[in-house]
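A.B. asks: Below are the structure tokens for one structure; questions will follow.
The values are calculated or read from the model by the stated rules, or taken from the named source; none is laboratory data. If you're wondering where the values come from, they're calculated on a predicted model, not measured in any experiment. FYI the Cβ positions are ideal-geometry reconstructions off the backbone, even for glycines, and counts take in every protein chain you see. Protein only, heavy atoms only, side chains kept; ligands, DNA and RNA dropped before computing areas. Shrake-Rupley method; radii C 1.70, N 1.55, O 1.52, S 1.80 Å.
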Amino acid sequence: MDAPQKLAFVVQSNRLQGLMWQALLKSQKLAVILEPAKGDLADCISQIASAGLTLPDVIVLDAEAAELNPYEFCRWCRAAFPKMQVFLTRCRQLHVSDTERRWAKQQGATDFLSGFDRDTLMSSATENVKRILTNLDYPFLNEKALLTVLLNIRRQLSTTQAASPSQVKRPDPIPREGVLPGLSLAASPTASADSPPAAEAVTPDPLNDIDWVTSGLRALGSGKARKAAKESFTPPPPAVKSNALPKPADKKLADGTTVRRYRGVVY
């Protein structure tokens, strides 16, 4: 008989980090619930226990959440629910020292993991998932499923970076005649002094764009389905204009009879 599915709560102040954790843990057959980092997590866990519902086996908690004391929650969780495992994470400062990890474990945390960064995504994600599965006594790491999610994330990141307008180098403006480069012209007297300045275009940060994460969770066969549908579509024959058709040639005989010819047939 198969073991019951493990339940994970992901509590991250950065939504992108939370979605990445969700995708990675789901690839290993864990049930994942995203919880906001603004609520009272201890009260939420207490109400779940009072209702007799299934408690999470693991909590991936952002140690940088503004409205939550992570160490106080770890101490409370160790006293109230000692079997529940809490993994602290952070993404602003990726490196976690051994001193910080030991301190977190003394406060009741199972481990202290680093967040995800674009440059070290593959290694950090694999290491973090392995640590969680080891503490959950999972039999093995599903490398194929994990690699599929990671490649989808990298592909979407590359697509987002390529489409970002900040990556396009704009040519230098051509100076007007009589104006040296680096000097700006005075404002035109016809321009209104009270007119608001033009709003600058806001360039989206790829690490805060969640569209690529959502698309990375879709079925991989969707692209093949679209290709098959495109290949099976047969375009209609081109329409022929009426003025392009051959017109019948009329000829009148001496007695006034009209002979009509159309494609060699006499009418």
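A.B. asks: Pairs only if they're at least six apart or on different chains, beta carbon under 7 angstrom, first in segment 82-101 and of a type in the set (F, W, Y), second in a helix (DSSP H, G or I); list them, first residue then second.
C.D. replies: F87/I132
A.B. asks: Under 6 Å between Cβ atoms, which residue pairs at least 6 apart in sequence (or on different chains) link something in segment 18-35 that is over 15 Å from A145 (Cβ atoms) and in contact (Cβ under 8 Å) with a residue 60 or more places away in the chain with a partner that is of a type outside the set (S, T, N, Q) and part of a loop (DSSP other than H, G, I, E, B)?
C.D. replies: L19/I210
A.B. asks: Can you tell me which residue within segment 1-56, out of those that are in contact with a Phe, Trp or Tyr (Cβ under 9 Å, 6 or more places away or on another chain) and charged (D, E, K, R), is most open to solvent (accessible area, probe 1.4 Å)?
C.D. replies: Ranking the qualifying residues of segment 1-56, first place goes to K29.
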